[in-house]
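I have placed the structure first, in the form of structure tokens, so that the comments after it can refer back to it.
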Amino acid sequence: MAWSAAAVSRFAVTSPTTAPLCAGLGAASAVSVSFAGRRRFCPVAASYSTSATAVKEAVQTDKAPAALGPYSQAIKANNLVFVSGVLGLNPETGSFVSEDVEGQTEQVMKNMGEILKASGASYSSVVKTTIMLADLQDFKKVNEIYGKYFPAPAPARSTYQVAALPLNARIEIECIAAL
């Protein structure tokens, strides 16, 4: 029986006999696993840190719409910025700038840019985005606007059609950027 990488990783990180082998950021180790009397030697790549404290800082700017609930516009942690889902709302009025996906996409990108700037990042430091659309038929329209904001190489990206978005938005985008 083959073990999944996730199962082996959980064993390797939580096993008291192998934890010292995993210590240190980016260290690689191996674990010996017995199953049904057969012994397997499984390499495990680990990002195990012995530091108990992670730096976590909320990012907030008035130049982008406030969070709609108990979450931050973004969080800075360990040289990364995690930007929450951004809607096409006007930061001054809290209303959508437009009912159409093109207008909302343009405003989403502007709002995201302000949050990135407040965190010390920029569009060029974005490594991953996730786009959520109310209608996947808007994919081409969104791509035309989205592409104007990201220099090559463009970030990795996922795009999904979702059942609904907050405030009946047409689009929401979240991202991760490197500092």
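A short reminder: the numbers here are calculations on the coordinates, not readings from a lab. Just so we're clear, the structure is a prediction, and the values are computed from it rather than from any experiment. A quick note on method: Cβ atoms are made from the backbone with ideal geometry, for glycine too, and the neighbour counts reach across all protein chains shown.
Summary table
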{"item": "Neighbour-limited loop hits for GluC sites (Glu not before Pro), the stretch 62-110 (at most 15 other Cβ within 10 Å; DSSP other than H, G, I, E, B)", "result": "GLU92, GLU99"}
{"item": "Three-way shape call for the stretch 56-178 based on the alpha-carbon gyration tensor, with the a/c threshold at 1.5", "result": "oblate"}
{"item": "Amide hydrogen neighbours beyond the local backbone of LEU87, cut-off 5 Å, H modeled", "result": "none"}
{"item": "Computed lengthening from PHE139 to GLU92, 0.36 nm per intervening residue step minus Cα-Cα distance", "result": "14.1 nm"}
{"item": "Fully extended contour minus Cα-Cα distance, from LEU68 to THR130, at 0.36 nm per residue", "result": "20.5 nm"}
{"item": "Residues TYR146, TYR123 arranged by fewest to most Cβ contacts within 10 Å", "result": "TYR123, TYR146"}
{"item": "Fewest-first ranking of LYS141, LYS148, using other Cβ atoms within 10 Å as the exposure measure", "result": "LYS148, LYS141"}
{"item": "Extension gain from VAL55 to ASN79, taking 0.36 nm per residue of separation minus the Cα-Cα distance", "result": "7.8 nm"}
